[in-house]
Amino acid sequence: MTNSVITGIVATFDRDNIDTDQIIPTEYLKSIKKFGFGDFLFDGWRYLDEGRLDMTSEDRSKNYDFILNRKPFTNAEILLARDNFGCGSSREHAVWALRDFGFKAVIASSFGDIFYNNCFKNSVLPIKLSKEKINHLFEVSSSSPANFQIDLIAKDLKFDDNSSYSFDVKDSLLDRIINNLDDVDITLKHKSDIEIFEQKRRNQRPWLFDYSN
Amino acid sequence: MPATLYDKLWDEHLVQTDDNNESLIYIDRHYLHEVTSPQAFEGLRHKQLKPWRLDANVATPDHNVPTDRGDSFNAASIEDEVAKIQVVELDKNCNNFGIHQFDIASNKQGIVHVMGPELGYTLPGMTIVCGDSHTSTHGAFGCLAMGIGTSEVEHVLATQCLKITKLKNMLINFNGHPRRGVTSKDIVLHLIKLIGTAGGTGHAIEFSGSYISSASMESRMTICNMAIEAGAKVGLAGVDKTTLDYVKKHSNLSDSMFSMASEYWKTLKSDPDVNFDQTINIDVSKIKPQVTWGTSPEMTIDFDADIPSQEDINEANHENLLLAKSYMGLDESKTLQDLSFDRIFIGSCTNSRIEDLRDAASALRGKKISKNITEAIVVPGSGMVKAQAEEEGLDKIFLDAGFLWRDPGCSMCLGMNPDQLKPYERCASTSNRNFEGRQGNLGRTHLMSPLMAALTAVNGKITDPS
């Protein structure tokens, strides 16, 4: 059990439809690495100048109205948003940027399907709650910086001393985060099943294996 | 039990389902490009694995390639050093692992979702994935096609499977004949306006109805392509004669193999009495040409309708509309016709096929672009589209009107190459996303059909296409 509790400062994003282009603009997709995207998270909102892959946050002119440039949110670990967070482009770089900045969980009333899947591959927990609950969490977090505590085993989000919401996530997906599991390793345990399936397919649908490049 | 097309494709490819209701789905075709694959290949090397089945994979660079390449261009010619690394990396990975690639110098290179079907790599009934959300395009062929993340690209390379849970079924019936000037792009934008960008989340959307039956494969691809903008990572349409005619023309299958396959392909449609989790009926004859006004594809209106007013916005719960209006510089504008445009982009995996170019050219014959337009570009979706258009003389029409005629790539759809808007420039674009900064930092994107974009080029403003 390595990652079973997440405790952290909540940064609020009071918007629907925050797309993955906002989470990380296209320019930074030119990297061939899987890490190092934290400085480019929400780049268009976070900085006043245009950035490049070889620049760091230090080099940039910051928009101090933007929440992640204000203390204590510079150390935020939980992101609270509205509906359809992570819609749009399939870029996993969006999750890499959230992870590299330090976010461990994102709470929203709904998520883009591809983004939601990508989260579990990178130890970022997406939590879906009803719009009413999201409204309430915004109220709780609006006046002063809030700290939430998320228990992944109990599937419970504690937002003040006495109050909590339970949330629903598939156990197997949570497992990936808690135990840092890799899907390729898990699937390759079924190697022979895949081989048998493929051979059957080869016989039944030969045209799929006939194509000459 | 009656089944939907999605159910049939799911069952056909199901290797196994575990206790957690997660399934391994066998993948027939995997398209790769330079932007979302490098980390996946790196993962394979790290795990000392090889691709499971080489001939399932096809690669091409499309996202960041320059579109003013001309002749004798290769990866080394790319001026943007960072972009060059990515294209060179794709070359290296394809060579090292033995994956077939149409490289940047190939006359078949193109946007992967345009090139794949044209070269017959997309066949009905396949499962198709790519590290790109517009993979839903291939659903037009009765395929189960979806965009995936880079970890999943690695997973598919290593195991030929995707580990996913089953989606719900949504049916969209498009019935009737569209009005003059209304295209597949207007119809899908109208749908997104209606159900919102989260309307199809968690669903596979099947497109059906008399309009779809009468539509070309190009139009069906445009509609399935933008299923993702309606929140659905899977969009699909049943197989019919139009599908089979296209595949016959584009695939390299022998006659005997084609006729054997056809018998199976003809079964790829939803059963008549099957229940969908949601069904929406739309009369396309009532749809007017659609144009987006804001920063989400759901912020779409009829080309002649009013942009949401301050009053409309005050009624809404969130500041989204206000933020969008401000970003788009619409404070003083009541309708889209009040806006003057700076740039025109005809291209992208949504609208860069031959039918799209013919549509746009039809509005440009003998005309010149407005002097207010600083740059208008046409970026054909692939080498094949480009050659076909040149054979038909469409390039001349575009050039005579004042457009630039470019080489294939994703180009200004996402501004990852030098084709980008400058801050505050307003662009009439045939692409699929009007997100903030999508076409360039602070750029303003209005999505529309190729016909509308061409008319906007001529008039400098949104005008009535009928």
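The values are calculated or read from the model by the stated rules, or taken from the named source; none is laboratory data. Remember, it's a predicted structure, so these values are computed and weren't measured experimentally. Cβ atoms come from the backbone with ideal geometry, glycine included; neighbour counts cover every protein chain shown.
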Residue list for the stretch A:71-105, filter: over 20 Å from residue B:136 (Cβ atoms), among the charged types (D, E, K, R) and either under 12 Å from the mean Cα position of the chain (by Cα) or buried (at least 21 other Cβ atoms within 10 Å of the Cβ) (or both): A:77, A:82, A:83, A:99, A:100, A:104
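Would you mind finding the one in B:93, B:107 that is buried (at least 18 other Cβ atoms within 10 Å of the Cβ) and either in contact (Cβ under 8 Å) with a residue 12 or more places away in the chain or not in a loop (DSSP other than H, G, I, E, B) (or both)?
B:93
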Pick from the stretch B:260-313 the residues that are touching a helix residue (DSSP H, G or I) at 6+ places or on another chain (Cβ under 6 Å) and modelled with pLDDT under 95: which of them is surrounded by the most Cβ atoms within 10 Å (Cβ to Cβ)? B:308
Test residue B:294 against the stated conditions and say whether it is within 13 Å of chain A (Cβ to nearest Cβ) and part of a strand (DSSP E or B). no
Looking only at the stretch A:109-124, how many residues end up being crowded, with 24+ Cβ neighbours inside 10 Å and aliphatic (A, V, I, L, M)? 1
Restricting attention to the stretch B:36-69, report how many residues are surrounded by fewer than 17 Cβ atoms within 10 Å (Cβ to Cβ) and more than 26 Å from residue B:148 (Cβ to Cβ). 1
Elements of type strands (runs of 3 or more DSSP E) in the stretch B:120-210, at least 1 residues being surrounded by 24 or more Cβ atoms within 10 Å (Cβ to Cβ) and among the aromatic types (Phe, Trp, Tyr): B:168-175, B:203-208
Could we say that residue A:15 is assigned to a loop (DSSP other than H, G, I, E, B) and not acidic (Asp, Glu) here? yes
Filter the stretch B:65-86 for residues that are facing chain A (nearest Cβ under 10 Å) and aliphatic (A, V, I, L, M); which is farthest from residue B:31 (Cα to Cα)? B:82
Qualifying position, being surrounded by fewer than 23 Cβ atoms within 10 Å (Cβ to Cβ) and closer than 20 Å to residue B:148 by Cα, among B:72, B:23: B:23
Qualifying residues in the stretch B:20-64 (those that are among the basic types (Lys, Arg) and within 8 Å of another protein chain (Cβ to nearest Cβ)) - the one nearest to residue B:157 (Cα to Cα): B:53
Among residues belonging to the stretch A:63-76 that are assigned to a loop (DSSP other than H, G, I, E, B), in contact (Cβ under 8 Å) with a residue 24 or more places away in the chain and in contact with a helix residue (DSSP H, G or I) (Cβ under 9 Å, 6 or more places away or on another chain), point out the one that is farthest from residue A:96 (Cα to Cα). A:66
Sort out which residues of the stretch A:50-94 are more than 9 Å from chain B (Cβ to nearest Cβ), under 30 Å from residue B:83 (Cα atoms) and among the charged types (D, E, K, R), and write them in order of number. A:58, A:59, A:60, A:62
Conditions first: (1) assigned to a helix (DSSP H, G or I); (2) crowded, with 17+ Cβ neighbours inside 10 Å. Residue A:195 passes all but one, so which condition is the exception? (2)
Where residues in the stretch A:147-184 are free of Cβ contacts under 8 Å to residues at least 60 places away in the same chain and polar (S, T, N, Q), which of them is nearest to residue A:95 (Cα to Cα)? A:172
Residue A:114 is checked against (1) without any contact (Cβ under 8 Å) to a residue 24 or more places away in the chain; (2) touching a Lys or Arg at 6+ places or on another chain (Cβ under 8 Å); (3) of a type in the set (A, V, I, L, M) and fails just one. What number does that condition carry? (1)
From the set of residues in the stretch A:23-49 that are part of a loop (DSSP other than H, G, I, E, B) and surrounded by fewer than 18 Cβ atoms within 10 Å (Cβ to Cβ), which is nearest to the other protein chains (Cβ to nearest Cβ)? A:33
Only residues that are of a type in the set (D, E, K, R) and part of a helix (DSSP H, G or I): list them for the stretch A:50-62, please. A:58, A:59
Given the conditions (1) away from chain A (no Cβ under 12 Å); (2) in contact with a Pro (Cβ under 6 Å, 6 or more places away or on another chain), every one holds for residue B:137 apart from (2)
Answer yes or no as to whether residue A:186 is of a type in the set (A, V, I, L, M), within 14 Å of chain B (Cβ to nearest Cβ) and either within 29 Å of residue B:116 (Cβ to Cβ) or part of a loop (DSSP other than H, G, I, E, B) (or both). no
Return the pair list, or none, for Cβ contacts closer than 6 Å from residues in the stretch A:9-22 that are closer than 18 Å to residue A:40 by Cα and facing another protein chain (nearest Cβ under 7 Å) to residues that are of a type in the set (D, E, K, R) and crowded, with 21+ Cβ neighbours inside 10 Å, at least 6 apart or on different chains. A:21/B:438
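Count, please, the residues in the stretch B:147-166 that happen to be more than 8 Å from chain A (Cβ to nearest Cβ) and under 21 Å from the mean Cα position of the chain (by Cα).
1
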